[in-house]
Amino acid sequence: MNLKDAIRTIPDFPKPGIMYRDITTLLTNRRALTQSIVELSAPYTRQDIDNVAGIEARGFTFGTAVAYELGAGFVPIRKKGKLPFDTYEQDYELEYGEDTLEIHADAIRKGERVVLIDDLIATGGTAEAAIKLIRKTGAEVVGAAFVVNLPDLGGVKRITDLGVPVTALVAFEGH
């Protein structure tokens, strides 16, 4: 199945000129969802992965399923103020301002092998912050995987420049 066909495009959302890639249609298609989890997991099945980290919120959906497939744990990466215990923090730039990601300080241990998962990579700013956050724990980020890549925005290059291999299941040109 072509996963791209399972993703709805909504023009001019959230503002004119933006082509929003809506993965909810993929999530409700059992064949597409299963295939996406298998394909996201495939590069890591023989790599002895300790944890899969997923970026809030859609990275949780794919990340927990990939963790299950790999026999690994799952670590949520959340927006600041959402985790109730000691955390590591990483600031990052947004289009209009900045934000902060957090993980529990005891969620990942030094030397562990971690895969980062999210639904979409655009500019790569959030994924870069997540990688820096994971590295603060002393863990190794062995790869990052996304369902959708928007290649015109340069996010994959930004992540590979950090020395992290990237997998993306589908690409949509434009914004």
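Only the coordinates and a few stated rules stand behind these numbers; no lab work does. Predicted, not measured: the structure shown is a model, and the values here were computed from it. All Cβ positions, glycine included, derive from the backbone under ideal geometry; neighbour counts span all protein chains shown.
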- [ ] Within region 94-130, work out how many residues are part of a strand (DSSP E or B) and farther than 30 Å from residue 3 by Cβ.
- [x] 5
Open item on the list: Tally up the residues in region 43-65 that are under 18 Å from residue 103 (Cα atoms) and part of a helix (DSSP H, G or I), please.
Closed with: 7
Task: Residue that is nearest to residue 143 (Cα to Cα) [pool: residues in region 153-172 that are in contact with a Pro (Cβ under 9 Å, 6 or more places away or on another chain) and assigned to a loop (DSSP other than H, G, I, E, B)] - done: 165
Task: From 5, 48, 86, residue being within 18 Å of residue 130 (Cα to Cα) and loosely packed, with under 13 Cβ neighbours inside 10 Å - done: 86
Task: Hits in region 66-93 - residues which are more than 15 Å from the chain's Cα centre (by Cα) and in a helix (DSSP H, G or I) - done: 68, 69, 70
- [ ] Of all residues in region 83-128, count the ones that are among the basic types (Lys, Arg) and over 20 Å from residue 51 (Cα atoms).
- [x] 0
TODO: Considering only residues that are in a strand (DSSP E or B) and touching a residue at least 60 places away in the same chain (Cβ under 8 Å), look in region 131-145 and name the one that is nearest to residue 4 (Cα to Cα).
DONE: 145
- [ ] Could you grab me the full set of residues in region 26-37 that are under 15 Å from the mean Cα position of the chain (by Cα) and either surrounded by fewer than 17 Cβ atoms within 10 Å (Cβ to Cβ) or more than 9 Å from residue 3 (Cβ to Cβ) (or both)?
- [x] 37
